Amino acid sequence: MNIFNRYAPFIQDFIYQNSWESLRAIQVAAGDAIFNTDENVLLTASTASGKTEAAFFPILTQLYEDPPRSVGALYIGPLKALINDQFSRLNDLCAQADIPVWHWHGDVPQSHKSRLLKHPSGILQITPESLEALLLHKHAAIARLFGDLRYVVIDEVHSLMRGDRGGQTLCLIERLSRMAGVNPRRIGLSATIGDPQGTGEFLASGTGRGTVIPKIEARGGKWRLSMEHFYVQGPQSAQDKVVTNALPTLDSATDTAPANADPGIGYIFEHTRGKKCLIFVNSREECEAVTTTLRQYCEARHEPDRFLIHHGNLSASYRETAEAVMKDDDQFQTTVTTATLELGIDIGRLERAFQIDAPFTVSSFLQRMGRTGRRDQPPEMWFVMREEQPEARAMLPTTVPWKLIQGIALVQLYLEERWVEPPKLDRLPFSLLYHQTMSTLASCGELSPAALAARVLSLSCFYRITQEDYKTLLRHLIEIDHIQRTEEGGLIVGLAGERIVNSFKFYAVFQEDEEYTVRCGSQELGTIVKPPPAGEKIALAGHVWIVEEVDHKRHLIYCEQVKGKVPAYFGECPGDIHTKVLERMRRVLQEHAAYPYLMKNAVARLDQARHTAANSGVACDPLICLGGDMWCLFPWLGTYAFLALERFLKLKCASQLGLSGLDSSRPYFIQFKMKADREEFFRVLSEMEKQPLDPMELVYPNEVPLFEKYDEFLPAELVKKGFAHGILGIDEMRARIRSWQNTRPDLY
């Protein structure tokens, strides 16, 4: 009640109007930390726990009691959809107190942005990319816009912890604070933090403050979870018919999808009828394919189309239509989506989430399931694992249902240990260094090399970058005309650099493919990469279109809708799987535990996989002979440690072992031919591991491993250094090799 009494009257009225009987624990803890300290605050609690209100109730109270002379609070969200959702929620609350709420991203009308520029006030909600554009193009106005900024709220902070985008966000906050002469408190929000202490330190970087991390007891309650497995080809066989009585609280309707339907998609088709659901997939291509198939099933059954689509390449109109329909409690439609609806968005009485195959992380699993379970209902997710049926003579590694095992491991890690992936904060972000260097020069104008270095290298995320490395970068950028030296010895953006900086794509630090805008008449559908020639078909927005014209100069595609089904392509979608997930996958194959959420087909497939693993030794022995001189290594290492081991074998051990034909299925196994025997394999690996190893030795000769968006503009030596020292998981790899020597292989 002390916190409630501290709230501004309009917030107390809001609580009464919504019939809240008490504040939640997260709201009390946040109020205490924000009202009674001057520290940064990290709020970690389950999805739908009220974190946004917990942070903003005390912030709004202070803005109400002492109105700021500029924007008083900056809210940084990772997705446009999340900002749109929070904008409408905050707007209703703040209207009563006459506190303006502004939002700013690529889909927001210019008129709305212009009003903010004229009257900076209240709360501004923005994506990292739009904040970059604001600092770049409104440099002279930053002090006026943010001169009395008191809070920066970073929503879904976990989503910014494992790549350049998080580093960019910190750089932007630090640059803005310096320009405006302020030091706002930072408030981080997330439901899935694997290392709260490390995240708190990340959040506080450059502020001179600590971070308060209130301990919030996790809410009790049950999950409604199921996991089923299907072979994708051909009609369902009698033994694969859907049986749901293993989960008695779920509907047990008979599967009535069209004859010869993909059984996994047919299962989803039937169990979304009359319900409001989300179907999560792991790529935009799959999002298009699944939506198209489900719509074809509707047509085959003479049912109205009840499926929507949502991913990052769709136009704003398509995305916002799906968001509006999902929030309407009177409409029962299902949206097929990627991670664009994964974070934070409240879409009302969502009854069920489906996940096709396993996501890459525990964090994604929790976030996606967390879209359900609101309005006092339990969270509910149905995993649908789809797999090509192995041929009778298939080699052992391909007979393991990797996605099914990965899904079980993700669930078990959280159930047993409450484990979530920790942040990855020790990289060498040279690509981001290029980006922030160019952005700083473009916004500030001419700077001396020393002044530029002072501004950029002092940003906290570049703590591992040396002066010498920065000199190497600047010399290279001058050589390629991205930076130009003036007669006075200062530095400005060069002609080649201007082409990069002046593109709207410069604002983002994540990798993007060259995109073409697709139009049908006056309607904008979205974007694709690698456009086909006129007369060919493309898949977009869950429909198929025939290309009428491609304007390569303007990057436009004109098309008409047709019937049919074709694959879509939006560029690569790599996944980063943690070593702990792989280790838990190994235990899934070793143990005899039954998992109550597995359905009939999944139980049978897991039993089959465990039987195969026991007979072959896959889960106990890292090295299996597949016959003759063909071998397979199962290292149970995460993506980047696996990558290091793969290179270690090729570059350090291949000649001694007579290795050839290495074929990796990352991060599960490596197949190869070998002239040596088992004992020789482990002996050579042990000897080579004990020798000093410079990470640069695991870069292939003549290789420049372009990994991040701006690596192509870096000197080759920095690209190699960033990859070797910041990406490859060499320490984990070495620890795994040592474990093979410390344990008998048959017990590993």
(request) Scan the stretch 396-452 residue by residue and report those that are in a helix (DSSP H, G or I), hydroxyl-bearing (Ser, Thr, Tyr) and open to solvent by 20 Å² or more (accessible area, probe 1.4 Å). (result) Thr398, Thr399, Tyr414
(message) Return the pair list, or none, for Cβ contacts closer than 8 Å from residues in the stretch 308-333 that are among the acidic types (Asp, Glu) and open to solvent by 60 Å² or more (accessible area, probe 1.4 Å) to residues that are at pLDDT below 85 and in a helix (DSSP H, G or I), at least 6 apart or on different chains.
(response) Glu320/Asn84
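Matching residues to (1) closer than 22 Å to Thr340 by Cα; (2) without any contact (Cβ under 8 Å) to a residue 40 or more places away in the chain; (3) out of contact with any Cys (no Cβ under 8 Å at 6 or more places or on another chain):
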residue	(1), (2), (3)
Gly77	yes, no, yes
Ile99	no, yes, yes
Pro109	yes, yes, yes
Gly122	no, no, no
(request) State all residues of the stretch 374-386 that are farther than 17 Å from Thr334 by Cβ and either open to solvent by less than 20 Å² (accessible area, probe 1.4 Å) or of a type in the set (A, V, I, L, M, F, W, C) (or both); if no residue qualifies, say none. (result) Met385
(request) Identify the residue in the stretch 630-662 that is part of a helix (DSSP H, G or I) and hydroxyl-bearing (Ser, Thr, Tyr) and, among all such residues, is most open to solvent (accessible area, probe 1.4 Å). (result) Ser655
(request) For the stretch 475-490, name all the residues that are open to solvent by less than 20 Å² (accessible area, probe 1.4 Å), hydrophobic (A, V, I, L, M, F, W, C) and either outside any helix (DSSP H, G or I) or farther than 16 Å from Asp711 by Cβ (or both). (result) Ile483
(request) Find the residue count for the stretch 8-66, including only residues that are under 27 Å from the mean Cα position of the chain (by Cα) and not in a helix (DSSP H, G or I). (result) 11
(request) Could you list, in sequence order, all residues of the stretch 491-525 that are assigned to a loop (DSSP other than H, G, I, E, B) and of a type outside the set (S, T, N, Q)? (result) Gly494, Ala508, Val509, Phe510, Glu512, Asp513, Glu514, Gly521
(request) Find all pairs meeting these conditions: Cβ atoms under 6 angstrom apart; at least six residues apart or on different chains; first residue within the stretch 668-694 and assigned to a helix (DSSP H, G or I); second residue modelled with pLDDT under 95 and surrounded by fewer than 17 Cβ atoms within 10 Å (Cβ to Cβ). (result) Ser686/Gln741
(message) Among the residues that make up the stretch 346-363, is at least one of them at pLDDT 90 or above, of a type in the set (Gly, Ala, Ser) and more than 24 Å from Thr527 (Cβ to Cβ)?
(response) yes
(request) Report, ordered by the first and then the second residue, all pairs with beta carbons closer than 7 Å, sequence separation of six or more or different chains, a first member in the stretch 58-70 that is more than 9 Å from Phe35 (Cα to Cα) and in contact (Cβ under 8 Å) with a residue 12 or more places away in the chain, and a second member that is among the aromatic types (Phe, Trp, Tyr) and part of a loop (DSSP other than H, G, I, E, B). (result) Thr61/Tyr7
(request) For the stretch 69-105, name all the residues that are open to solvent by 30 Å² or more (accessible area, probe 1.4 Å), over 18 Å from Asp155 (Cβ atoms) and assigned to a loop (DSSP other than H, G, I, E, B). (result) Arg69, Gln96, Asp98, Pro100
(request) Scan the stretch 518-539 for residues that are at pLDDT 85 or above and either among the β-branched types (Val, Ile, Thr) or open to solvent by less than 70 Å² (accessible area, probe 1.4 Å) (or both) and report the count. (result) 4
(request) Could you tell me whether any residue of the stretch 213-225 is modelled with pLDDT under 95, of a type outside the set (D, E, K, R), closer than 25 Å to Asn36 by Cα and open to solvent by less than 40 Å² (accessible area, probe 1.4 Å)? (result) yes
(request) Of the numbered conditions (1) more than 19 Å from Tyr231 (Cα to Cα); (2) of a type outside the set (A, V, I, L, M); (3) open to solvent by 10 Å² or more (accessible area, probe 1.4 Å), Thr272 fails exactly one; give the number of that condition. (result) (3)
(request) Could you please tell me which pairs satisfy a Cβ distance under 8 Å, a separation of 6+ or placement on different chains, a first residue in the stretch 709-725 that is buried (at least 18 other Cβ atoms within 10 Å of the Cβ), and a second residue that is among the small types (Gly, Ala, Ser)? (result) Lys709/Ser431; Lys709/Ala508; Tyr710/Ser431; Asp711/Ser431; Asp711/Gly722; Leu714/Ser431; Leu714/Gly722; Gly722/Ser431
(message) With in contact with a helix residue (DSSP H, G or I) (Cβ under 7 Å, 6 or more places away or on another chain), of a type outside the set (A, V, I, L, M) and within 15 Å of Val152 (Cβ to Cβ) as the only criterion, which of Thr44, Thr61, Thr52 stands out?
(response) Thr52
(message) For the stretch 456-467, give me each residue that is closer than 10 Å to Glu174 by Cβ and open to solvent by 20 Å² or more (accessible area, probe 1.4 Å).
(response) Ser458, Ser460, Cys461
(message) Can you tell me which of (1) in contact with a helix residue (DSSP H, G or I) (Cβ under 7 Å, 6 or more places away or on another chain); (2) open to solvent by 10 Å² or more (accessible area, probe 1.4 Å) is the one Thr361 doesn't meet?
(response) (1)
(request) Select from the stretch 540-572 the residues that are farther than 26 Å from Asp107 by Cβ and among the basic types (Lys, Arg) and write down the one among them that is modelled with the highest pLDDT. (result) Lys563
(message) Looking for something of a type in the set (S, T, N, Q) and either part of a loop (DSSP other than H, G, I, E, B) or surrounded by 20 or more Cβ atoms within 10 Å (Cβ to Cβ) (or both) - is there at least one such residue anywhere in the stretch 614-629?
(response) no
(request) Give the number of residues within the stretch 726-737 that are within 25 Å of the chain's Cα centre (by Cα), assigned to a helix (DSSP H, G or I) and crowded, with 20+ Cβ neighbours inside 10 Å. (result) 2
(message) Can you go through Thr340, Thr335 and tell me which one is β-branched (Val, Ile, Thr) and touching a Phe, Trp or Tyr at 6+ places or on another chain (Cβ under 9 Å)?
(response) Thr335
(message) Please go through the stretch 295-309 and give me each residue that is under 20 Å from Ile528 (Cβ atoms) and assigned to a helix (DSSP H, G or I), ordered by number.
(response) Arg295
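The values are calculated or read from the model by the stated rules, or taken from the named source; none is laboratory data. Not measured: the values here are computed from a predicted model. Positions of Cβ are backbone-derived with ideal geometry, glycine not excepted, and every protein chain shown enters the neighbour counts. Note: areas computed on protein heavy atoms with side chains; ligands, DNA, RNA excluded. Shrake-Rupley method; radii C 1.70, N 1.55, O 1.52, S 1.80 Å.
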